[in-house]
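*Asks:* Take this structure first; my questions come after.
The values are calculated or read from the model by the stated rules, or taken from the named source; none is laboratory data. Remember, predicted model here, so these are calculated numbers, not experimental data. So basically every Cβ, Gly included, is an ideal-geometry build from the backbone, and we count neighbours across all protein chains shown.
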């Protein structure tokens, strides 16, 4: 008998493949699948990871006044909404080819003058499931809308000057 010429690493790789090689070959011969079936197991092995972003877009509601506000919270900076101080620790968003999802890790504190700050919420909030991890407060509601990156604003460029990114 001849020994196999393939190294042991190849046998390990084939054995761990989600679809057996002989099944793919049989389906190809029968015409039930196309050549894309050869790439499909590789695509399944590597799910797309959420990308980090610089700004969390939140929506907040003051239940007393019925005021709804959109809040842009840069990661690592304190933003204020009413008596709340919100610190976004991170914001992740799935790539466009995946199911849409934005998630942010937030610290939310209630601050009143002359009193110690009270921690109201610390954790992940998800756009697709706001009730899954909600901040409970009698006056305020806060939820995640989106994640985005900052772009150069008009105030950063003087009149008559061209931003280096837009120069021909």
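*Asks:* Filter the stretch 119-132 for residues that are in contact with a strand residue (DSSP E or B) (Cβ under 7 Å, 6 or more places away or on another chain), in a loop (DSSP other than H, G, I, E, B) and surrounded by fewer than 16 Cβ atoms within 10 Å (Cβ to Cβ) and give the result.
*Replies:* Correct list: 132 only.
*Asks:* When you go through (1) modelled with pLDDT under 95; (2) in a loop (DSSP other than H, G, I, E, B) one by one for residue 44, which number turns out not to apply?
*Replies:* Residue 44 satisfies all of (1) modelled with pLDDT under 95; (2) in a loop (DSSP other than H, G, I, E, B) except (2).
*Asks:* Can you name every one of the strands (runs of 3 or more DSSP E) wholly within the stretch 62-111 that holds 2 or more residues which are assigned by TED's automatic domain parsing to the domain that holds residue 130 and in contact (Cβ under 8 Å) with a residue 40 or more places away in the chain?
*Replies:* By residue number, 67-74, 84-93, 102-110.
*Asks:* Kindly list the number of the only condition in (1) farther than 21 Å from residue 75 by Cβ; (2) assigned to a loop (DSSP other than H, G, I, E, B); (3) in contact with a strand residue (DSSP E or B) (Cβ under 9 Å, 6 or more places away or on another chain) that fails for residue 116.
*Replies:* (3)
*Asks:* Conditions: (1) in contact (Cβ under 8 Å) with a residue 40 or more places away in the chain; (2) more than 20 Å from the chain's Cα centre (by Cα). Residue 119 meets all but one. Number of the miss?
*Replies:* (1)
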